[in-house]
Amino acid sequence: MTVSFDVVVVGAGLAGLQMLHQAREAGLSVRVFEAGAGPGGTWYWNRYPGARCDVESLEYSYQFSEELQQEWEWTRRYASQPEILRYVDHVVERFDLDRDIQYDTPVAALTYDEPACRWTVRTEAGDEVVARFVVLAAGCLSSVNMPDIPGRETFSGEILHTARWPHEPVELSGKRVGVVGTGSSGVQVIPAIAEEAKELYVFQRTAAYTLPARDQPLDPGLQAAVKADYAGFRARNNAMATAGLSRYPTNPSSVFLVSAAEREAAFEYFWGLGGPLLLRSFGDLMSDAAANELVADFIRGKIRRIVKDPGVAELLSPKQPVGCKRVCVGTGYYETFNRPHVRLVDVASAPIEEITPDGMRTAAGTHGLDTIVFATGFDAMTGALLGIDIRGRDALPLKDVWADGPRTYLGLGVPGFPNLFTMTGPGSPSVLTNMLVAIHQHATWIGDCLKYLADHGIAAIEATPEAEEAWGLRVNEVAGRTLFPSCDSWYLGANIPGKKRVFMPFVGFPAYAQTCAEVAAGGYQGFALTRTGT
Ligand code: NAP
């Protein structure tokens, strides 16, 4: 007999765990399928040395339980990967989540049965269950991008990816290590590997802007003050475009309205605060290319002062607008290139051609290596969803519907795919915000929606094509007012060969959350609701 649930959730990362909690709160039976052997998603897989969240810990946490908020004590301004995983384990135990999670169980296929208004969920092991609703919480940055470089199979040493780092300790001391990629993962792993390796070669294609994290032990006074009014703290953060860091509001002034000296002083102040706050020093840095160039130049000046070799400093100086690829936050990143055993290899001018049995060959020469670390990122936002064979009404494959890029209504639903919700999906603020806030907003919205459907005897909910069309226009219109679409980033899918370029996230959390609330209050406008028995 086929086992049946009200809700199947795909993924037991931070999104899937809260969704499980919310669906239970709505009185529904739930099963979560998770590919990994444990919970935590991103934080389960990305266990590379130096991995640390670049969102402040007081904000990168769940807000669905006041008791949880009060009892958990963060130790650092930015939590390390092991600390976040301890938090995840605590949440799983405290809310007894494990009993509804099936680990080591990747989902292979989802097929909608229209007459029954049910999804059949097939795991890679071939087991099937049936569910009225499916929530995809498979992660925005979980489908690993491993570049197809010839000769990989011939390499005699070890090949690693930051997002699939082994659970066992990796021995790097005394070794010649190559790191490919200088995005957020590379910027964190490179200084950590430099501590151990005999020689470190960093293969850089595009220099990224790296702002100093200024990580430190968390001020107990700050933690106590936030806990004294966590609800107020969350509400103030929710009013920010990025859903965070309301303690440091954006200076609304244009950078062009102040003198050069005032501008430098403001840049210095925000640089000193650490993290991505430099982008809050003036109101027009992310909307005006000339304003952005001023802050870009400020960062390049910092790089020139930190990095002793002028040629290396020049190579490390990015050319694209700041923030159009996600800014990196690091500790000692640029300083690492002053160490005598660390070499920067420019693979923009001389691309990687081949992995050989004992190293990496670029167009400029060969570097002998014992270990290669790929920090080459992800097929973001759509990769994990399209990795599942999802077939909606009339067996329509999602990959066909999204052949020209993802199209959604509110990043929550897709026409032709009734009773299927995407969490933090394309078309929602997602990766442009504090993910934990985006997750909370989606998990509570979907949880409320499921309860509404049950209370009103509704068997199926489906985004309408008109609503999806209008939403797509709005996502593009809002993004078009910013510099985000102005360079080749993973936000656009530009990091994956052959992927259609569509700007995927929605810019601006408060307007988005308000729209979602209005849609719900209006009886789920833009969604077609089918009553039981109709
Ligand atoms: P990423 O930002 O996509 O960076 C990948 C890097 O690999 C880029 O430098 C890219 O160069 C390079 N690359 C890719 N293919 C290559 C090839 N064939 N040859 C040479 N270089 C190649 O990936 P990521 O660093 O893993 O970060 C992804 C996102 O995850 C971040 O933006 C962030 O949202 C999240 N993240 C967060 C944290 C944190 O909280 N601290 C840490 C890690 C990741 P190009 O730029 O030229 O393509």
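Quick look at the values:
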read-out	value
Percent of C-alpha pairs per 5 Å bin, the range 108-215, short to long	2, 8, 14, 16, 14, 11, 7, 8, 9, 7, 3, 1, 0
14 Å beta-carbon shell around Trp74, net charge (K/R +1, D/E -1)	-2
5 angstrom amide H check on Ala108, placed H, neighbours 5+ away	Arg122, Thr123, Glu124
Simple spin-label estimate for Lys500 and Ala348 in nanometres, 7 Å along Cα-Cβ	3.0 nm
Between the range 470-524 and the range 258-295, the alpha-carbon center distance in angstrom	25 Å
5 angstrom amide H check on Arg47, placed H, neighbours 5+ away	Trp165
Whole-Hz ³J(HN,Hα) from phi, Karplus 6.51 cos²θ - 1.76 cosθ + 1.60, for the range 66-76, glycine and proline x	5, 4, 4, 4, 6, 7, 7, 10, 7, 9, 10
Potential lengthening between Thr464 and Glu114 on full extension [0.36 nm per residue; Cα-Cα distance subtracted]	124.4 nm
Order by protection proxy (mean Cβ within 10 Å, highest first), peptides 396-407, 369-380	369-380, 396-407
Cα-projected label distance for Lys227 with Glu262, points at 7 Å along beta-carbon direction, nm	4.2 nm
Where labels lie 7 Å past Cα in the beta-carbon direction, separation of Asp394 and Arg304 in nm	6.1 nm
Cα centroid separation, the range 329-363 to the range 1-63 (Å)	35 Å
Calculated FRET value between Asp89 and Glu67, using beta carbons and R₀ = 22 Å, to 0.05	0.85
Amide N proximity, the range 274-299 versus Ser253 label position 7 Å along Cα-to-Cβ, cut-off under 13 Å	281-284
Listed pairs Lys175/Lys302; Lys399/Lys500; Lys325/Lys499; Lys399/Lys499 exceeding 21 Å between Cα atoms	Lys175/Lys302
For the chain, alpha-carbon Rg and Dmax in angstrom	23.4, 74
Amide H partners (placed H, <5 Å) of Phe5, local residues excluded	Val130, Ala131, Arg132
Relative counts (whole %) of C-alpha pair distances in the range 1-153, using bins that are 5 Å wide	2, 9, 17, 19, 17, 14, 10, 7, 4, 2, 0
Segments 145-157, 201-213 sorted - mean Cβ within 10 Å per residue, highest first	201-213, 145-157
Radius 14 Å from Cβ of Arg481, net charge of other residues (Lys, Arg +1; Asp, Glu -1)	-2
q = 0.13, 0.14, 0.15, 0.19 Å⁻¹: log10 I(q)/I(0) that the Debye formula gives for the range 180-374, counting C-alpha atoms only	-0.80, -0.89, -0.98, -1.31
Glu195-Thr532 FRET efficiency (beta carbon distance; Förster radius 60 Å; 0.05 resolution)	0.45
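None of the figures in this text is laboratory data; all of them are computed from the coordinates on show. Computed from a prediction, not measured in an experiment: that's the story for all the values here. So basically every Cβ, Gly included, is an ideal-geometry build from the backbone, and we count neighbours across all protein chains shown.
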